[in-house]
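Comments concern the structure below.
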Ligand code: NAD
Ligand code: LMR
């Protein structure tokens with residue numbers, strides 16, 4: 001460890017050991033890409049999560065500074081920092097949940113697929129580390145393009161002989177968070193009262209909000225449906241353009257990532273009825289991966305729900321989504337198989 005990490009690390013380890021011996025509840029979580037725009041607020045929010053007993057922060061830059069900073073928060077989780085590839089496996093040893101926001105973000109004018117060339121290799125390397133050091137961990141994959149990086153991760157785990165489809169989840173929670181917010185705005189409701197399933201994938205037309213299944217039940221005019229669907233599908237681009245070259249959504253994403261990670265941890269703990277949307281291996285459509293509601297349990301995505309009844313607008317949207325998704329999934333698979 002670099003010196004400033006050792007200081008944090010000594011007392012952290014002792015506290016972690018005491019807790020483990022005392023049988024205190026809590027999970028060990030690692031964030032890969034913890035010094036980034038998403039990684040930093042995500043690390044802060046996970047340090048505040050009472051279900052987390054140990055928090056490992058890994059990045060190829062600035063991990064010591066972020067770790068020292070976060071470790072001063074007087075919450076229960078013990079924080080340890082890891083810098084650079086030689087420390088990847090130590091960062092992952094014994095971890096229950098790995099959250100991956102590592103990789104480059106979009107700039108205006110780019111699609112998420114334009115990130116493939118850089119992020120595919122980053123995700124492959126990190127997943128090779130997971131296969132070696134914590135093959136049973138639940139993986140929450142945030143790095144874009146999610147529609148391709150999840151298939152990449154699956155292929156890496158298959159190659160290593162560690163693939164468990166239930167444990168690999170592409171994070172599409174931000175689409176749900178946005179949908180809840182934008183729909184609440186139109187309905188004049190508190191967003192916390194709104195629940196919208198968003199299915200398909202995480203890019204453009206593959207993001208398919210099912211407005212016919214909004215809770216509380218409500219109906220929308222054709223104009224409202226088109227406005228809301230477009231806004232939800234382009235929510236990421238709205239932020240990329242507003243940030244004007246300084247990156248993409250980080251704060252709302254950290255919030256969404258923690259909401260999803262917390263659901264995964266509650267599932268791991270054995271809580272009943274934990275249901276969220278995620279991009280997972282699936283038989284709901286003819287595609288090998290698809291985002292739907294899933295029940296999170298002790299093994300990850302323990303149950304995958306069907307789409308439910310769709311209206312005509314959604315059926316057309318589904319066909320468009322599937323066409324684009326098929327190509328993105330294939331691109332991810334070929335990256336590892338070639
Ligand atoms: P960022 O550039 O601010 O941070 C990325 C971090 O990853 C940096 O700290 C960088 O050092 C680190 N990193 C790079 N290579 C690494 C490696 N090999 N190992 C470990 N860490 C590495 O970017 P950001 O704004 O935090 O976005 C990160 C990713 O998340 C992007 O790909 C972005 O498109 C994606 N994203 C996804 C969603 C979603 O809904 N799934 C939402 C927002 C952003
Ligand atoms: C988002 O939806 O905000 C992310 O996927 C980042 C992006 O590039 O839009």
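Both the radius of gyration and Dmax for the stretch 84-150 are 12.6, 41 Å, in that order, over alpha-carbon atoms.
Axis angle, to the nearest 10 degrees, between helix 116-133 and the longest C-alpha principal axis of the chain: 50 degrees.
Here the peptides 134-146, 309-321 are ranked by packing, the mean other Cβ count within 10 Å, and the order with the highest first is 134-146, 309-321.
Annotation: the chain has a Kirkwood hydrodynamic radius of 20.2 angstrom, from the mean reciprocal C-alpha pair distance. Counting only DSSP beta bridges whose two residues both lie in the chain, roughly 45 percent are antiparallel. Sorting 69, 271 from the fewest to the most surrounding beta carbons within 10 angstrom yields 271, 69.
Using the count of nearby Cβ atoms within 10 Å as a rough guide to exposure, how do 190, 175, 164, 74 rank from fewest to most? Display every interim value, and only then the final one.
Working: 190 9, 175 28, 164 17, 74 5.
Ascending number of Cβ neighbours within 10 Å: 74, 190, 164, 175.
The angle separating the long axis of helix 251-269 from the principal Cα axis of greatest extent in the chain is about 70 degrees. Remark: relative contact order (the stretch 102-212) = 21 percent; criterion is Cα-Cα distance under 8 angstrom and separation of 6 or more residues. Return the FRET efficiency for the residue pair residue 69, residue 271: r is the Cβ-Cβ distance, R0 is 22 Å, and the value is rounded to the nearest 0.05. With R0 = 22 Å, the Cβ-Cβ based efficiency is 0.10. Listed from fewest to most Cβ neighbours within 10 Å, the set 277, 127 follows the order 277, 127.
Mean sequence separation of contacting Cα pairs (under 8 Å, at least six apart), scaled by the length of the stretch 186-338, corresponds to a relative contact order of 24 percent.
Given only helices, namely DSSP H runs of n ≥ 4 each adding -39500 (n - 2.57), what is the per-residue ellipticity at 222 nm of the chain, to the nearest 500 deg cm²/dmol?
Calculated mean residue ellipticity at 222 nm is -15000 deg cm²/dmol.
Using C-alpha pairs below 8 Å separated by at least 6 residues, the relative contact order for the chain is 16 percent.
Since every read-out is calculated from the coordinates, none of them should be taken as a lab result. Remember, predicted model here, so these are calculated numbers, not experimental data. Neighbour counts are summed over all protein chains in view; Cβ atoms, including those assigned to glycine, are modelled from backbone coordinates with ideal geometry.
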